[in-house]
Each structure stands twice: as C-alpha cells, then as structure tokens.
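Presented below is the structure to which this report refers.
The values are calculated or read from the model by the stated rules, or taken from the named source; none is laboratory data. Keep in mind the model is a prediction, meaning the values are calculated, not measured. Because the Cβ atoms are built from the backbone with ideal geometry, glycine has one as well, and the counts that use them run over all protein chains shown.
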Amino acid sequence: MKERKEMVVALAGNPNSGKTSLFNAIAGTHLKVGNWPGVTVEKYEGYVDYKDYRLRLVDLPGTYSINAYSPEETIARDFIAEKKADIVVNVVDGTSLERNLYLTTQLLELDPKMVVALNMYDEVEKLKIGIDFKMLQKLLGSHVVPVSAVKKTGIEALLDHVVRTYENKIVIPRDKISYSEEIEEALAELQGLLETDIPLSAKFSPRWLAVKLLENDQFAYSLAKESPVWVRLEHKLPGILNTLEGRLKERVAQRISEDRHAFARGAYKETVKTALEEKKTITDHIDSVVLNRFLGVPLFLFIMWLIFQITFTFGEVPMGWLESFFAFLGDKVSALLPEGVLRSLVVDGMIAGVGGVVGFLPNILLLFLGLSFLESTGYMARAAFVVDRAFHKIGLHGKSFIPMVTGFGCSVPAFMACRTLKNRGDRLATMMVIPFMSCGAKLPVHILLIGAFFPTSMSANILFGVYLFGIVVAVLSAKLFKSTIFKGRSEPFVMELPVYRLPTLRSVLMQMWIKAWMYLKKAGTVILAVSIVVWLVCNFPVNDKLNLEYGARIEAVKQDKKTTAEAKAEAAAALENELAAKQMEHSFAGRTGKLIEPFIRPLGFDWRLGVALTAGLAAKEVVVATMGTIYALGAAGESESLTARLRSDPAYNPAIALALIVFVLLYVPCLSATAVFHQESGELKMTLFYIFYTMTAAWVLSFAVYKAGSAFL
Amino acid sequence: MTDAIHISASLEDYIEAIFHIVAEKQAAKPRDLAERMKVAGSSVTGALRILAEKALINYTPYDIITLTPAGKAYAEDVVHRHEVLRDFFVNVLAVDYKAADEAACGMEHSASKVILERLVQFAKFVEVRPRGGEDWVSGFRHHCEKAAQLVKMSELKPGDKGVIMAVNAQGEIAQRLVDMGMVKGTPFKVLRKAPLGDPLEIQLRGFLLALRKQEAECVSVEKKAGK
C-alpha cells in the first residue's frame, strides 16, 4: 500500500455547535486525548483515512470569539494564525446561524483554507429553515456543506470538500468582511505599511494583523514589535488610532466587533428563511418547568440526589467484583511468588494499592456517565444558572457546584471537574475547598468511630452533622480565600443556555470513557509509585529479633498438644497480628507516629493514632485498616471487635473520637487526590499551600472540638 | 461594580502612569515611574506600597511592577475619565491638545460619573444641533431627559423587550458581552430570572443567554412598549 499523505484538519466552532460530536463521527475510535501544552484544556486528536490522504483531525476548543481573552481562545487563535492547520473546518450550528457566523467572520480574517460544516442539518430540515447555500458560499468565500453529526449524514461530502479544497480544486473568491468606512481607511494605511515587511506578511495575513492592531491585541503587537516594520509603525500607529477614535466617537475594538456582528446578521438575513418565528419551542416548555421559580431549586436538588444514588448504589456491585478480582489476583500472585520481600511488595504494596484505587472506577464511571448526560442534554448550564446566586454569595461561581458535589464521592474527579471554571481564582478557590466535602473513603472512619462512642439512636444525626460541618468549613474557607488570596473580580456569569437536545448514547459513553481512562492512567503511574513508597515506610526497617522471637512462639503454640486445631490457629493468628503491630511500631511509619505524637497530643491523640493518620495520607480507608493492625486485632472486616476494643480502651473517650472524626474529615486528602490537585493547579506553590491549609484547619478545629468536647461530654 | 476602592488623587496619577508604562513595556520599574511622574524615587516607593496593599498592583521592592486585574480595571477607569475630559476640551471647547491634556489631568480625579456622562452627551448634542438660539439650552435638557429614558438591562422584568444601546464596561466583561452579540441595536427579550432571583435569562440573536444582574447593569437599553 502506498504511503498516505498527511494533512492537518482543525475543527473550529462555537461551544454547543456539535463540534465534538462531529469530530467523533469522523474520527470514530481513532482518538487521543491529551492536554494543550501548559494549560488544563483538553486536546482531542484523531485521524481518518480518506482517498490518498490521512486527515489528522485536531478539535480546537469551542469558543464564541478568538480575541484571546481565555486560554481556549488563545489556543484556537494561535493554531490557525500560525498556520498549523492545512484546512480549517468551521463547524456552525445551522439552527443558530446568526450567532455562529460571528466566529466565522473572525476565522475568515485569518484567511485559512476553510470549509464550513453546517451541522445539525437534520434539525434545520425538521424546523423548515430554508438556507440559501449558494448565497452563503458567496458571502463567506468558502464551501458550505450540510452535515449532521448525530445522523451521520454529509460526512463523506465534507471530507470530499476538505480534500478538494486542500488540492486547490475549489477556489471561491473571498470578499473581505468590510468594516465602517473610517475603519477601512485606517486599515488600508496600516496594511500598506505592513505589506512592506515581506517576511511578516508572508507569515501572517497583513489585513488580519492590521485589524488586530486596531483592536489593541497584544499578540499582534508583539508580532509587530519583533519585525523591522515596527520602526515605522511605532510612529504612525498612535496617530492613526487617535484620529480613528476621534472620528468614531467610540472604542475602536467595540466598533470592529459591532461591524462583525452586523456582517453576521446581514449574512443571516440574506440567506436564511425561517417559517416559524416566536413559536414556543420544546426548550421553552422544559425551561418553564425546570427553571420555574418554585420548582427550579427542588428539581435541581432532586436531580443531584438521583445522580448520587445511582453512583453509589449501582456502583457498589461492580465495586465488589473489582475488590474480589484484586483479592483473587493477590492470592494467585502470592501462590506464584516465593514468600519474602518481593511477594509482600507486589501483593501488599502494588496490587493492594492500585486495587484500592481502581476499586472506585465503577463509581467514577457512573458519576461521569450522569454528569456527561446532564452536560450534553443542556441541563448542566441550567443547574449553574439555578444555583449561581447562592454560590456567588460565598464568592464562588455557579459552575463550582458540580465539582463540590462530586467531592462527596471522591476528590479526584472533583478536582478534574474544576476545569469548567475558566477563571484562575475561581478554579483554585473551588479546588481548595473540595477536600472538606467528606468523600466516600472517609465514611468507614466516621462509621467506626461514631459506632464505638455514641449510642445507635444518635449515630445518623452525628453522621449528618459531620457532613454539614464539612460544608460549613468549605463555605467559610471559600469566603476567606475570595477575600484574601484569590481577591479580584470573579469570572463573569455570561453563559449560553443551549437548546435541549437528546444526546446520542455513543457520545455520552465516549465522554465517560475519556474521563475514566485518564483516571486509570493515573492509577497506573502516580498511584502505583505512591503505593510502593507507602509499603516501604510501613515495612522497613524490619526488626529481625522480633521475627525470630515470635516465630519461635508461634511454633510453640502449633506444637502444643493440649489444644484443638481451631484454638491453635486462633492463638497463632493473634501472635502474628501482635508481631505485625510490633513491626509496624518499629517501621518508619511507626517512628513517624511517635515523632509526631507531641504535635497531636493536644488533640488527645496518641502515637498509635499518629501512625493511622500518617498511613491515612495514602488513602483514608487505610486509617481503619491501620488501626486494626495496630490494635492487633487482625485485618478489617472484624471491625466489630475493633469497635469494642476502642470503646473499652481507657485512652479514648467521645471527645477524642469527635476530634479524630473532624481531623480525618479536614486533613489533607489521599495522595492520589493530592497528585491530581497538583496536576490540575499546575503550581507547586498552590499545592503546598493546599497541604498547609488543610492541615492547619484540621488541627485547629480538632483542637477546638476536643476542648469543647472534654468540657461538655 | 459595587466593590469600589477609593484612593487619593496622587495615587490615581501613579496608577495611571503605571498603566501607560505597562502598556508600552509590559512591566514598569520604579525608576520609569519616578521619571514619568517627575518625582523622587523615595516617594514612588511609598506610593507603590499603598497601591500594593490595596491589591491594585503586584509589587515587591527591586522588582518590576505589574497591575492586578482590579488595578487594571481601576486604571482603565481613570484613563477613560481623562480621555472624556480631554476630548471634550479639544472637540467642543477647541482647546489645543496639550493644554486640554494637562487640564484633563487635573480634573479627572474629581469629575463624577454623572458629570462625565453629561459631557459626552453634550458633545454629541452639539453635533446634532449645531445652531444656537433660545431653546438651545432647554433643547439640551430635553436631550438629556431622552437619554435618561435609557434603562439598565437589570431593571427590566421578565417578559420585557428592548434594544441594546450601549455596553458600559471595560476589559474582559465588555469583550465577553460584545462577543455574545450584545452590541448597539440588538433587540432582545427578558425571559426570566433564576429561581433565586439572579442571574437573568434573555433571548437575543436566536439563542438564550444567562447573565448576572451585575453584568446586566453594564448594559443600557431602550425599553420597548408592550409585551
């Protein structure tokens, strides 16, 4: 087979224009998800073979404009301006052409080889919207191909046009978008000047540069400043701008935008004939219920509750399967490997560590399934609309609620969900308070301690109180952050409420899978490494003397002829656990526990809790497991006896239990969450601050609770 | 819009100067500032410290100075006041540019928003009604009253229709609003308020847009009669 020629095809368009669905429809499963360099904006790449070509597809972030106000806009603009794409496919929503064409006007100015994909054509036909394609093509100077990503129609024709445009077999004369006379005169002058700089105008369209200079665009300025033409430009530009501003009597950039909108509106009016104006659409009907003054909030709460129920109820079953699978794997590997350090490392360290995290996969899949469904139907934007006021009061954004609610399940996807917040301050403030939303892994700790120290009749109320306490701390912290370190304007709430659409199963599953895959990749790398480290500190150094001593005692018990086989096994197991506890005390983790005892003494905690809390840095469930080991009571599962033991231990009382619950609730989440926090924040400084803040909050509030509890209980 | 920070006139001059230097060179050094303001280096340091305390600039001694987003918004406001005054002096009062610029520099700190808006109105009025006469002043009053019929988008009620007349904001918010199609002459309809009373949902250019009252306050509109 002969080598296919590669060409890069960039997809550009508005959010909600169905760009990603079209991308999926074309690329199928040849999909790669990564990040754009330096920013937390997802980058989708894929390819498709067509005729003699391999079309490398790049899905640019969806934007309404390319003025470079957000990272998304900058990415899209740079990609096209720097001619990284051979062909640009501008995806427009055929049912909302007027707004979509605004971005088209800006793309045209960059003068790329372009094909317009008029998406959602099935809906256009259903709504009886008549579009004059010939006219539209003439106005835009690009071929316009009707497609439907959902119905998969017109894809072949689109690819055909892309290839033919690439081969220069389609050339439509492209008229420039004309601006007001005053602006055109200034543009002519600037363009003339820029064209004298041949290398610069070969790289960037001089007209585009001229427009951008008038718009006071930083990127255009820096380009111009690096070029020889700047010497002449520098003198002329302020004069041109001053005269222009004087003539227009408004800001130049504003007028340029107005003219673009005017062009989009004109093109729309000339080419689109709609039969039905002002008719109440399905979206109106749904919104009049969903956004109703009285029903809006309860419905929102109900939908969130439902997602939770689905996530945690249905997730439990496959979670059990995964747990038994990893237990089975552990057993098999144990049988294969000789007893010793290697076996312990692989089974107790790697398989147990990664298995513990992968165990959450069903929950995560279901949560993301629900969230992607809400996102692609259009409800998510409404949810942000409904709760924005409450969130704005505490200094956050309507969009903060999704990550915060997700945080009740697991902080890892919650941090990832913060990507929808574009403003750095809003995003970081939300991420900082997520750890206070009590995650699923903390639940066993709460249950154990509440069960041990409080009457059953009160336990549900106390558990509810614990969750509420976390929320209060989160709200107060958010307020604190937004009035101190993340001060400044928060992100404006200017958001499109997309028309309701029923998403295809395929696109929802695809979105879910992409998220899940990212999570799994982390389990394979960061978490694996962390598991090994945790195993090391819990198992080394080994006290050989203890091993010998207990080995002998266990042997003695086994040889004992007076007892039954059952009693023998029990006694041996007790001794083995005692040995494990002693070894733990001797290990780095145990020493750390002793080392930090002075710091946690004021909270009423002793060194044993110090070890449990240190181990809890790896994962919160480990707190219970570790306490089990230390109390020499065998592995988890026998938590009842652990409960009894805790209750009878004179070193503990309800005040300490409450302080411990508060500490576990607030202190730094597990290492995998922290790793994800670091990756998403992208700033070491922030990660360190996040560790410091959660630790401080945990200590101070535990101390307060301990003191108050000792006084009253 | 409500989180107003107030700083003294001389500090306003500083922040304005920083704004211009940053526009030229990306970041300012205390020395540039001293040169531009024609003051001693020591007084610059004092002023910078106060501005940094108010979180308007990023500044540590011996380092470059940049504006925080709040500082940028503040500086843009000062510059805007300066420009309005200067243009009024040049275009209406026919003062020469340099003198107008200097006068604007002195007056920009004290001119209130209302006065500035009236000056802009007046300049426009002069253009439409160039001839004098007895009714000229009352004509201007009428012109202002007509302008006062413009309301903020945030004051409209669900069901109201209107036409956008101007976006009175700067920087990112202005750009966001304009990018979403909020430009002069755009008809729109207020659909509803969110259940908690904020944000608003409006319909324009064939799509639905949600925005907070805070943002809607920046948009002046002409209300259309009837529902």
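So that you can scan it fast, the table gives a plain yes or no per residue for (1) among the polar types (S, T, N, Q); (2) surrounded by 16 or more Cβ atoms within 10 Å (Cβ to Cβ); (3) within 14 Å of chain B (Cβ to nearest Cβ):
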{"residue": "A:Asn461", "(1), (2), (3)": "yes, no, no"}
{"residue": "A:Ser483", "(1), (2), (3)": "yes, no, yes"}
{"residue": "A:Met495", "(1), (2), (3)": "no, yes, yes"}
{"residue": "A:Pro503", "(1), (2), (3)": "no, yes, no"}
{"residue": "A:Ser507", "(1), (2), (3)": "yes, yes, no"}
{"residue": "A:Gln511", "(1), (2), (3)": "yes, yes, no"}
{"residue": "A:Ala516", "(1), (2), (3)": "no, yes, no"}
- Task: Pick out the one residue from B:Glu53, B:Glu35 that is within 14 Å of chain A (Cβ to nearest Cβ) and more than 22 Å from A:Gln218 (Cα to Cα).
- Result: B:Glu53
- A:Val116 vs. criteria outside any helix (DSSP H, G or I), away from every other protein chain (no Cβ under 14 Å) and buried (at least 20 other Cβ atoms within 10 Å of the Cβ): yes
- Message: For the range B:182-212, which positions are crowded, with 19+ Cβ neighbours inside 10 Å and under 20 Å from the mean Cα position of the chain (by Cα)?
- Response: B:Met182, B:Val183, B:Leu211, B:Arg212
- Message: I'd like the full set of residues that are over 14 Å from A:Leu158 (Cβ atoms) and either among the basic types (Lys, Arg) or modelled with pLDDT of 85 or more (or both), limited to the range A:25-41.
- Response: A:Lys32
- Taking interchain pairs and intrachain pairs at least six residues apart, which have beta carbon atoms under 7 angstrom, with the first residue in the range A:438-460 and assigned to a helix (DSSP H, G or I) and the second of a type in the set (Asp, Glu)? A:Ala441/A:Glu621; A:Pro444/A:Glu621
- Message: Given (1) within 14 Å of chain B (Cβ to nearest Cβ); (2) out of contact with any Asp or Glu (no Cβ under 6 Å at 6 or more places or on another chain); (3) in a helix (DSSP H, G or I), identify the lone condition not met by A:Asp426.
- Response: (2)
- Just one listed residue, out of B:Val219, B:Val167, B:Val183, B:Val190, is at the interface with chain A (Cβ under 7 Å from one of its Cβ atoms) and of a type in the set (Val, Ile, Thr), and it is B:Val183
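Just to be sure before I move on: is B:Gly162 closer than 28 Å to A:Ala253 by Cβ, modelled with pLDDT of 75 or more, away from every other protein chain (no Cβ under 14 Å) and surrounded by 15 or more Cβ atoms within 10 Å (Cβ to Cβ) in the structure I sent?
For B:Gly162, the condition - closer than 28 Å to A:Ala253 by Cβ, modelled with pLDDT of 75 or more, away from every other protein chain (no Cβ under 14 Å) and surrounded by 15 or more Cβ atoms within 10 Å (Cβ to Cβ) - is met.
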- Task: Kindly list the number of the only condition in (1) at pLDDT 85 or above; (2) out of contact with any Gly (no Cβ under 8 Å at 6 or more places or on another chain); (3) away from every other protein chain (no Cβ under 12 Å) that fails for B:His142.
- Result: (1)
- Message: Among the residues of the range A:482-501, what is the count of those that are part of a strand (DSSP E or B), in contact (Cβ under 8 Å) with a residue 60 or more places away in the chain and within 18 Å of A:Phe391 (Cα to Cα)?
- Response: 1
- Query: Checking B:Ala28 against (1) under 19 Å from the mean Cα position of the chain (by Cα); (2) closer than 22 Å to A:Glu234 by Cβ; (3) surrounded by 17 or more Cβ atoms within 10 Å (Cβ to Cβ), which single condition isn't satisfied?
  - Reply: (1)
- Item | Number of positions in the range A:181-208 that are under 22 Å from A:Leu140 (Cβ atoms) and touching a helix residue (DSSP H, G or I) at 6+ places or on another chain (Cβ under 6 Å) | 5
- Message: What pairs come out if I take residues in the range A:594-606 that are free of Cβ contacts under 8 Å to residues at least 24 places away in the same chain and at negative phi and pair them with residues that are part of a helix (DSSP H, G or I) and hydroxyl-bearing (Ser, Thr, Tyr) whose C-beta lies under 8 Å away, six or more apart or interchain?
- Response: A:Ile596/A:Thr614
- Note on the structure: Within the range A:549-567, the count of residues that are closer than 27 Å to A:Met627 by Cβ and either surrounded by 13 or more Cβ atoms within 10 Å (Cβ to Cβ) or at pLDDT 80 or above (or both) comes to 6
